[in-house]
1. Under a cut-off of 26 Å between alpha-carbon atoms, report the lysines in cross-link reach of Lys191, not counting same-chain residues fewer than 8 places apart.
2. Apply the Karplus curve 6.51 cos²θ - 1.76 cosθ + 1.60, θ = phi - 60°, to the phi angles in region 329-335 and return the couplings in whole Hz, x for Gly and Pro.
3. In nm, to one decimal, how far is the modelled label at Ala202 from the one at Arg335, with both set 7 Å along Cα→Cβ?
4. Tell me, what is the Rg over Rh of region 33-170, with Rh the Kirkwood radius over Cα pairs?
5. As an exercise, identify the trypsin sites (Lys or Arg not before Pro) in region 71-135 lying in DSSP coil whose Cβ has no more than 16 other Cβ atoms within 10 Å.
6. Which chymotrypsin sites (Phe, Trp or Tyr not before Pro) from region 139-232 combine a DSSP loop assignment with at most 16 other Cβ atoms within 10 Å?
7. Rounding to the nearest 20 debye, state how big the charge dipole of region 59-132 is about its Cα centre with +1 on each Lys and Arg Cβ and -1 on each Asp and Glu Cβ.
8. Determine which lysines satisfy two conditions relative to Lys413: a Cα distance under 28 Å, and not lying fewer than 8 residues away in the same chain.
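Coordinate-derived values only; no laboratory data. Just so it is clear, the structure is predicted and the values come from calculations on it, not from any experiment. Cβ atoms come from the backbone with ideal geometry, glycine included; neighbour counts cover every protein chain shown.
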Amino acid sequence: MTVLTVLEAAGAALWSAALPILLCAAHLFLTIRLGVPQRRIGQGIRDSVRAADGERRSFSALAVQLSATLGVGNITGVALAVIGGGAGAVFWVWIAGLFGIATTYAEARMTLECRKAPGEGGPWDAMGPRLGSVYAFCVALGGLFLGSMIPANAAALALPVPRPASAAVLTVLTGCVILGGADWIRRACEKLLPLAAALYLACCCAILYVCRAELLPALRAIFSGAFRFRSAACGLLGGICAASPGLRAVRYGVSRGLFSNEAGLGTAGIAAAALPDGDPSRQAMVSATATFWDTVVFCGITGVAFTAAALHAGIDTADGAAFCLQAFSLLPLGRTAFRVCTVLLGYACILGWGYVGARAFSRACPGVPEKVYAVFWTAAAGAGALCSAAAVWSVSDLLNAAAAVPILYILWKYYGFIHT
């Protein structure tokens, strides 16, 4: 048995059983404990686009957070949910996003209440020195895989040039921004994210227009498939395997939703720490809108568009990237649009996670210049463009799990579920 096999087995075990259960429990508990913060999401959206003290700091922090979460996982991840769990998985992606808003809000509010000074700190300030250092180390190291190598690999595959050339291009583009520091990253995310998001949503809406005759059947399949716990089904939209389509929809939808929005990983708190001094509750609500946009809006529209495309064109494949490519192929120049969206979202993810990773590195290795981490981050982007994604995912899953455990523990303790 190879090391890679062991890592894959360990990562699969954690993310298919223990962690999703803990995350779902935390989402539900925090929703109740915090008085259903989801009802204030509209106010958070309005606050995110308003200036604070003459600066767009709220939007800047939100742009960084969304850049880190919006990525190729929102495209291929939803496709894999539909392939594995059927159309009903889309409904459970929405549910995971709606309840995940409470956890994102809790992460950000806890960080803002515990930070030592505006513009500094992260969730580790609520953890104590030892646990905080372990968490920050896992985020900094895991970010090199999840936030740099994986999106770089997806972007390199999408670029119509040889792998070495795409690796060189991504390395240069990454270094130009990451080596400039936090301010450069924030400014780049503010400009790049709206462009990438608008283009991707436009493509999804265009797919829905092409497949407009299948829109109502797709919605019926999503809502009926979500609760089909007794009847048997087969084929793509019924989910792989005939046993209990409803249970498979829950499993794939919830797991993809949890993995996409990163609620429970602490990235929301790290991005929120850059906000100026103010009301923690109100500022945390701005951070919580990232989960709304990521899972409820982006993943939701993607799921409906892909389900309608599968009904329209009879797409039948178990490969997530191939599924996405076939769905986009319904559009004129659709394959080109898919590649452009993949590259833009992948590059935005590299930048957003670069900010998160650098903040965590400063906490894990105090006294070491952030430029050192920026160099490693830039090199990781180039390496990710050249290597296989399978090994990177295996290591990333384990490190993300190692980061999620202390966040979940401190959230449950901070908000009164665990008493010590």
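1. By straight Cα distance, Lys191 reaches Lys371.
2. 5, 5, 9, x, 6, x, 5
3. Each label point is offset 7 Å from its Cα along the Cβ direction, giving 2.2 nm.
4. Details: Rg = 18.5 Å, Rh = 18.2 Å.
Radius of gyration relative to Kirkwood radius: 1.02.
5. Working: sites: Arg109, Arg115, Lys116, Arg130; in loops: Arg115, Lys116.
Those satisfying the criteria are Lys116.
6. Working: sites: Phe145, Trp184, Tyr200, Tyr209, Phe223, Phe227, Phe229; in loops: Phe227, Phe229.
Counting only loop positions with at most 16 other Cβ atoms within 10 Å, the chymotrypsin sites (Phe, Trp or Tyr not before Pro) in region 139-232 are Phe227, Phe229.
7. Working: 4 positive and 4 negative charges, 15 e Å.
That gives region 59-132 a dipole magnitude of about 60 debye.
8. Lys116
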